[in-house]
Amino acid sequence: MSRFSARTVLPSALPEIEPKRERHDDSAPVPILEARRGGYAEWLETVVHRAYPFVASYSVANILSFVVVAIAVVVGLLPTKVVLQVGGLEALDERFPKWLVSQRTPRLDDISYYVSAVGAPVLILVVASTVIYFAIRRNWRIAGFLLTAIVIEVTTYRLIAGAVGRSRPDVVQLDNLNPQHSFPSGHVAASVAVYCGIAMLLTSKFHNTWVRIAIWTVAISIPVSVALSRMYRGEHHPVDVVAGALLGVGALLVAVLATRTGIVAAERRQQRPAEGVGS
């Protein structure tokens, strides 16, 4: 079976991209952000050909963000407006948040508040400090990747929530938020985009199995805890938090492709002067 790549499904007349250009692996600063030979990042760079690296990355991020929004709105409207209206599924989706609400205590209310904060104010602090740290060290790949991931999540979430317009669970909410922005969960999406994004960066450098397991255990437990806290506080249904997790994954995929495209654009710009001298 032939290897599935960008060139197997996209136009065959794509410009050849430095067939002997070395691709990094363990020696790369962040292996997960390195573009693969013949992959989608190299093709996307040809779409914004000769653009500056930042412009190439920014353009790809914006183009793919609209794709994410379009898919999410269609996927969101189908279950919330059609599927859940059949056979009492809407009531089933309400059952778990109602059960969580029935377990409320003042202590659990406080715990849920702080856990929810991990997906909002604490998350903003994590992103800001990480981006500033790597920007000062001039590691633009990591800084740009994390910033792109969270910006994509925030912008796409607001567009999707406004378009789908699902009501929050029929319980007393503990937060004062837009009652029609239940789908998807922005807290969960942001948690996946940031904490799982950091886990991707770390595990691409560490090859010890137990270290990777430990990193991913922490990274996954954070969005799961945030999801439970958001449902406990009456803000989301189970379908909403699952959709939030998928949105976070989508934001990460877009951020990876946008960052890789910017790196390919930078490599091409470095090669052009050398080509000019040799001609």
Dipole of the stretch 23-128 [Lys/Arg +1, Asp/Glu -1 at C-beta], most positive-end residue of 127, 72, 61: 72
Averaged per residue, the 1.4 Å probe accessible area of the stretch 67-205, protein heavy atoms only, in Å², is roughly 53
Determine, from the Cβ-Cβ distance of residue 117 and residue 218 and an R0 of 25 Å, the FRET efficiency 1/(1 + (r/R0)^6), rounded to the nearest 0.05. 0.90
Label-point separation in nm, residue 128 to residue 90, each point 7 Å along Cα→Cβ: 4.1
Can you tell me how the stretch 166-279 classifies by the Cα gyration tensor, rounded, prolate or oblate, using a/c under 1.5 as the rounded cut? oblate
So, by mean Cβ neighbours within 10 angstrom, what's the order for 72-82, 141-151 with the highest one leading? 141-151, 72-82
For the stretch 211-267 and the stretch 178-206, what is the separation of their Cα centres, given in Å? 3
So, over other residues within a Cβ distance under 12 Å of residue 91, counting Lys, Arg +1 and Asp, Glu -1, the net charge is -2
Where labels lie 7 Å past Cα in the beta-carbon direction, separation of residue 104 and residue 47 in nm: 4.5
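Sort 113-120, 98-105, 240-247, 251-258 by the packing proxy (mean of other Cβ within 10 Å over each peptide's residues), most packed first.
Working: 113-120: 18.1, 98-105: 12.8, 240-247: 24.8, 251-258: 23.2.
The densest-packed peptide leads the list: 240-247, 251-258, 113-120, 98-105.
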Which one of 139, 96, 172 has its Cα pushed farthest toward the positive end of the charge dipole of the stretch 87-180, where Lys and Arg give +1 and Asp and Glu give -1 at the Cβ? 139
In whole percent, the fraction of accessible protein surface over the chain that belongs to carbon or sulfur atoms, probe radius 1.4 Å, stands at 68
May I ask for the net charge around residue 180, where only other residues with Cβ less than 10 Å from the Cβ of residue 180 are counted and Lys, Arg are +1 while Asp, Glu are -1? +2
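The values are calculated or read from the model by the stated rules, or taken from the named source; none is laboratory data. Given the structure is predicted, the values throughout are model-derived calculations rather than measurements. So basically every Cβ, Gly included, is an ideal-geometry build from the backbone, and we count neighbours across all protein chains shown. Heavy atoms of the whole protein, side chains included, go into the accessibility calculation; ligands, DNA and RNA do not. Shrake-Rupley method; radii C 1.70, N 1.55, O 1.52, S 1.80 Å.
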